[in-house]
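Inspection log for the structure reproduced underneath, given as structure tokens.
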Protein chains: 2
Amino acid sequence: MEEFKEIINNKKGKVDVTPIATFFRNEIKEQITSKGWKPRVVAFLTSDDQGAIDYSKWTKIACNKDGIEFELKRVERVDLEDCIIEANNDNSIHGILVYYPVFGGMLDGYLQDVVSPEKDIEGLSTTNRFNLYHNIRYMDEKETKKCVIPCTPLAIVKIIDNLGIYDKSLQMGEHLKGKTITIVNRSEIVGRPLAAMLANDGAYVYSIDINGVIIFQAGKRYGTIKMVETSISREEAISKSDILILGVPSSNYKVNSDLINEGTIVLNFAGCLNVEESIQDKCILVPTIGKVTIAMLERNLLRLYNNQLNKKD
Amino acid sequence: MEEFKEIINNKKGKVDVTPIATFFRNEIKEQITSKGWKPRVVAFLTSDDQGAIDYSKWTKIACNKDGIEFELKRVERVDLEDCIIEANNDNSIHGILVYYPVFGGMLDGYLQDVVSPEKDIEGLSTTNRFNLYHNIRYMDEKETKKCVIPCTPLAIVKIIDNLGIYDKSLQMGEHLKGKTITIVNRSEIVGRPLAAMLANDGAYVYSIDINGVIIFQAGKRYGTIKMVETSISREEAISKSDILILGVPSSNYKVNSDLINEGTIVLNFAGCLNVEESIQDKCILVPTIGKVTIAMLERNLLRLYNNQLNKKD
């Protein structure tokens, strides 16, 4: 994108992702208006967490601007499962959103799977993740209903693409060939789907969590991935990277700036910044990605809305 | 059971669950022999964890004695998903077992769902858990394939039943009416399914995890459960309980014996004992349950084997 030209050329500075979000949201708005669609999202909030409340407000504002009805429901966590099932069965609802954590741990993983994959705009259900990891593009055998991709990893891929990092002169599956990327986070929500997507595009990916490092590479079959053990240290992985993606939900976690090479793209999706802000003096820093994530939520919603329209045909 | 009569009458002592395991395994052996069945299990071990290695050995010995072919495969954790999928697609394999932790966290939750629910002898897949929580007894609409129940909670219910605690003079769903039970563990593997099963049988269940206490009660619709918030403290819940079930995977965690009433049934399913052994001087202590869990694994296997036979018809 034109907006980022100077930063990309100088190989340093801070990137505001607003133009990327705007680009996608304009497309979405145009699609909704031209087709006369009336998509409707229900979002469930169970906690008083200020971060979740703020995020839900921004999402509502964005959705409403773009022609999407967005209903925020505050429910007790012990009632959430019933509420999700009701929304699954309500034909007037096209997308379901849940603000996590609810209980935390595996119980939240269970709740993610109570959301019908057909309304799962966040792309968090096991079905949607399994399909992503196995390059299955459709939910049904007839191939009428496209899968969705977890929205935060999708947002990150779109940001990297819009920074001009993808080499589109190469063939599909090799657009990131030669790039080394480290992701500090291996959750099933962001880190692992993201590692898979970037590996699918040809990158050599180091995936870091508290237990160590795993390499993600393209698998034998196109679109699939392979995990490989490695003895590389976290520090070494970071220092070898062209792109460093940070998502540790702790304000105490900061990567030592000395480990990061000049000109590295440092993208942060944690609620707090996992690196000193001064890194922008020698690197390209993307400190937050939330606006693009919301755009991807909307994008997933339209895909699922369209699937639901096809179903009725 | 006759073997436990003295302990039950005295309301104290240590229970060895071997007779319960033997009872079920004899039934299983008889069924396999009389029907000429040839059930086959594949178990995947990815770690050098001595506990998992020992448990796999005991399971193999038990299975082989009872007429079940048990193949233990050591695989790299990065290859496990492919191995599970291969086993899912192999008609000569009727049951799949994975020794966790593999990676730990949500990635292990994902792997549990890669195991086909039709071969999931541990009953850990989301499908099997969802069906348990919603009183759905069959995997298919035609009601030909019975669901399985997670094997550790099932073992615990069978132990409590065989200690004579269930009042069978009451109607179904009320066998544990008037009993207060505390479970210290709310995992999706044991604690929560167990809380649901005991609540289904009429018990008033306090479910404790590091974040606090939740009550599990029978729901409006028969066979379903309802979670309810409570402000009761952990200590108070424990001191009100007729049955205390402990499953904290840490040898540092021990419940203060003073909190536990005389005559309480204290059942421990953690690898280590979460209470002082001297509790048996005033309570009924079931220190380990592994043998019954293995019997329940076998029981689940036969159910799934039978489902697979029906499928071929």
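Do you know the relative contact order of the stretch A:153-291, to the nearest whole percent, from alpha carbon pairs under 8 angstrom that are 6+ apart? Numbers along the way, then the final one.
Numbers: 281 pairs, mean separation 25.1, N = 139.
Worked out over the stretch A:153-291, it gives 18 percent.
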Practice prompt. Find me the longest stretch of chain A that has none of the exposed GluC sites (Glu not before Pro), where exposed means in a DSSP loop (not H, G, I, E or B) with at most 12 other Cβ atoms within 10 Å.
Written response: A:144-261
Worksheet item: Put a point 7 Å out from Cα along the line to Cβ at B:Gly271; what are the distances to that point in the other copies, in nm, shortest first?
Response: 3.2
Discussion item. Using only DSSP helix segments of four residues or longer, with each worth -39500 (n - 2.57), what per-residue ellipticity at 222 nm results for chain A after dividing by its residue count and rounding to 500?
Written reply: -11500 deg cm²/dmol
Worksheet entry | Degrees between helix A:50-65 axis and first principal axis of chain A (Cα, 0 to 90, nearest 10) | 70 degrees
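Pairs of alpha-carbon atoms within less than 8 angstrom and 6+ residues apart define the contacts here; what relative contact order does the stretch B:32-121 have, in percent? Let's see the in-between values first.
Details: 110 pairs, mean separation 32.8, N = 90.
In percent, rounded to a whole number, it is 36.
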Fill in: Nonlocal Lys pairs with alpha-carbon distance under 18 Å, the stretch B:153-291 (8 or more apart, or different chains)
14
Practice prompt. Mind checking which lysines have their Cα closer than 16 Å to the Cα of B:Lys145? Skip sequence neighbours fewer than 8 apart in that chain.
Written response: B:Lys119, B:Lys311, B:Lys312
Worksheet item: Relative to the longest principal axis of chain A, what angle (0 to 90°, nearest 10) does the C-alpha long axis of helix A:18-35 take?
Response: 30 degrees
Discussion item. Given all pairs of different Cα atoms, what value in angstroms does the Kirkwood hydrodynamic radius of the stretch B:153-291 take?
Written reply: 14.9 Å
Discussion item. Let's test this: bin the Cα-Cα distances of the stretch B:36-121 at 5 Å from zero up to the farthest pair and state each bin's percent.
Written reply: 3, 15, 26, 25, 20, 9, 2, 0, 0
Worksheet entry | Shape metrics for chain A, restricted to C-alpha atoms - Rg then Dmax, Å | 19.2, 58
Worksheet entry | Closest-to-axis residue of chain A (Cβ criterion, axis taking A to B), whole Å | A:Gly109, 2
Item to complete: With only Lys, Arg, Asp and Glu charged, each at its Cβ (+1 for the first two, -1 for the last two), find how big the charge dipole of chain A is about the Cα centre; round to the nearest 20 debye.
Response: 800 debye
Worksheet, complete the sentence: Inter-part gap, Cα centre of the stretch B:236-296 to Cα centre of the stretch B:110-141, in whole angstrom, is 28 Å
Worksheet item: Tell me, B:Met1, B:Met227, A:Met106 in order of fewest to most beta-carbon neighbours within 10 Å?
Response: B:Met1, A:Met106, B:Met227
Discussion item. If I model a spin label as a point 7 Å beyond the Cα along the Cα-Cβ vector, how far apart are those points for B:Ile61 and B:Asn135 in nm?
Written reply: 4.2 nm
Item to complete: Would you mind listing the distances between the B:Ser169 label point and the same position in each other copy? Use 7 Å along Cα-to-C-beta, nm, one decimal, shortest first.
Response: 8.8
Worksheet item: Relative contact order of chain A: what whole-number percent is it, with Cα pairs under 8 angstrom and at least 6 residues apart?
Response: 21 percent
Fill in: Using alpha-carbon coordinates, inclination of helix B:191-200 to the longest axis of chain B, degrees
70 degrees
Worksheet item: For the stretch A:118-219, with equal point scatterers placed on the C-alpha atoms only and solvent neglected, what are the log10 I(q)/I(0) values from the Debye formula at q = 0.10, 0.13 1/Å, to two decimals?
Response: -0.28, -0.47
Practice prompt. Output, in nm with one decimal and in ascending order, the distances from the B:Lys311 label point to the matching label points of the other copies (7 Å from Cα along Cα-to-Cβ).
Written response: 2.5
Discussion item. Taking the Cα of B:Asn310, stepping 7 Å toward and past its beta carbon, and measuring to each backbone N in the stretch B:143-174: which are under 20 Å?
Written reply: B:143-151
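FYI, it's all coordinate maths here, none of it is from the lab. On a predicted model such as this, the values are computed, not experimentally measured, just so you know. As a convention, Cβ positions derive from the backbone with ideal geometry for all residues, glycine included, and neighbour counts pool all protein chains shown.
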